[in-house]
Structures are given as C-alpha cells and as structure tokens.
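Structure first, commentary second.
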Amino acid sequence: MKILVPVDGSPYTKRMLAYLAAHDEWLGGLHQYTVLHSVPAVPPRAAAVLDKDVLKSYYDDEAEKVLKTVRTFFGKQKIAAEFVAKVGPAADTIVSVLKKGKYDLVIMGSHGHSSLGNLVLGSVATKVMAHSETPVLLVR
C-alpha cells in the first residue's frame, strides 16, 4: 500500500507516530511510505528582497527541524520512507501531493477540534478529507 504521512512536528504528529509503532500492521516492508512536511511560505514582499539561496536555505532548515525527528522514528522502526518537503499551505500541499502521487491512504494526526472549532479555526485534516478522494486515517 502506498501511504502518505503528512507531519508538522506537533504533539499530534507524535501521537500519530506512536499509533504506527503500536500497530504491527503498519510496520514492515508491505507499505511504501512518503513523509511530507509543508513549510509555510515567506510572504511575497519579504521573499522578494531575499536572495534565492537564502530563502531556499531557510525553507530547507525549517523542513529539517520537523523531518529529523520523524526520520529518526522511521529509522528506529526499520521502516523505509521517502521524505519530502514542500512550500505552501499545508492542506493544499497535501491534496496536491495526493493527487499527483496516487496514494492509497493518508495517515495523519489531528487536533480533534469539534465541528464548531473546525468552522472557526479551520482544520488541515478537514480540508484534506473534503478535497481528497484518498481515504484518510486520522489519529487523535
């Protein structure tokens, strides 16, 4: 099964990783994992005055802060995974990668807001579920 694992470095990501570790059916060589982190874009006016190499370095550093921990987790579990960092709004980035990569499943952590909370605050998980044809496994 081809699985996309969006991560943001939050406690909800850690909870989702703990879920993976606790359930043997997700471990092993049966699945192909892609770990995705979406780095928020620097506002266009600020980005315009920055050197492109500086901006790229910033995005790479921000992604690595999150991916390093997840890479360590996958290594300890002996799970092979591809690690991808993209720049942009998280939900849009996840949906775009899902459509292009033809994934079978998304496994992601969720804050677990109520319906009212999602309405007021928005939710990456809610947006992904609304715009994706791929099944989504939410871990709260």
Which residues, counting only those in the range 16-46, are farther than 23 Å from Ser96 by Cα, surrounded by 10 or more Cβ atoms within 10 Å (Cβ to Cβ) and among the aliphatic types (A, V, I, L, M)? Ala18, Leu20, Ala21, Leu27, Ala46
List every residue pair whose Cβ atoms lie under 7 Å apart, where the two residues are 6 or more positions apart in sequence or sit on different chains, the first residue falls within the range 75-87 and is over 18 Å from Asp61 (Cα atoms), and the second residue, located anywhere, is in a loop (DSSP other than H, G, I, E, B) and at pLDDT below 90. Gln77/Leu27; Ile79/Leu27
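Based on what the data block shows, is Ser57 part of a strand (DSSP E or B) and either over 24 Å from Val95 (Cβ atoms) or touching a residue at least 24 places away in the same chain (Cβ under 8 Å) (or both)?
no
How many residues does the range 43-66 contain that are of a type in the set (Gly, Ala, Ser) and at pLDDT 95 or above?
Just the residues of the range 43-66 that are of a type in the set (Gly, Ala, Ser), to begin with: 46-48, 57, 63.
From the residues that got through so far, the ones that are at pLDDT 95 or above too are 57, 63.
Qualifying residue count for the region: 2.
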What number of residues within the range 48-86 are surrounded by 14 or more Cβ atoms within 10 Å (Cβ to Cβ) and aliphatic (A, V, I, L, M)? 9
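Every residue, every condition in (1) outside any loop (DSSP other than H, G, I, E, B); (2) touching a helix residue (DSSP H, G or I) at 6+ places or on another chain (Cβ under 9 Å); (3) at pLDDT 95 or above; (4) under 16 Å from Lys2 (Cα atoms), yes or no:
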position	(1), (2), (3), (4)
Lys68	yes, no, yes, no
Gly75	yes, no, no, no
Val84	yes, yes, yes, yes
Gly112	no, yes, no, no
Taking the range 114-139 only, how many residues are out of contact with any strand residue (DSSP E or B) (no Cβ under 7 Å at 6 or more places or on another chain), at pLDDT 90 or above and exposed (fewer than 13 other Cβ atoms within 10 Å of the Cβ)? 1
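Does the range 66-84 contain at least one residue that is of a type outside the set (Gly, Ala, Ser), in contact with a Pro (Cβ under 8 Å, 6 or more places away or on another chain) and within 27 Å of Met129 (Cβ to Cβ)? Please lay out each step first, then the result.
Of the residues in the range 66-84, the ones of a type outside the set (Gly, Ala, Ser) are 66-74, 76-79, 82-84.
Applying the additional criterion that residues be in contact with a Pro (Cβ under 8 Å, 6 or more places away or on another chain) yields none.
So far as the range 66-84 goes, no, none of its residues is of a type outside the set (Gly, Ala, Ser), in contact with a Pro (Cβ under 8 Å, 6 or more places away or on another chain) and within 27 Å of Met129 (Cβ to Cβ).
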Could you say whether any residue in the range 13-33 is assigned to a helix (DSSP H, G or I), among the polar types (S, T, N, Q) and more than 18 Å from Pro89 (Cβ to Cβ)? no
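The values are calculated or read from the model by the stated rules, or taken from the named source; none is laboratory data. The structure displayed is predicted, hence computed values, not measured ones. A quick note on method: Cβ atoms are made from the backbone with ideal geometry, for glycine too, and the neighbour counts reach across all protein chains shown.
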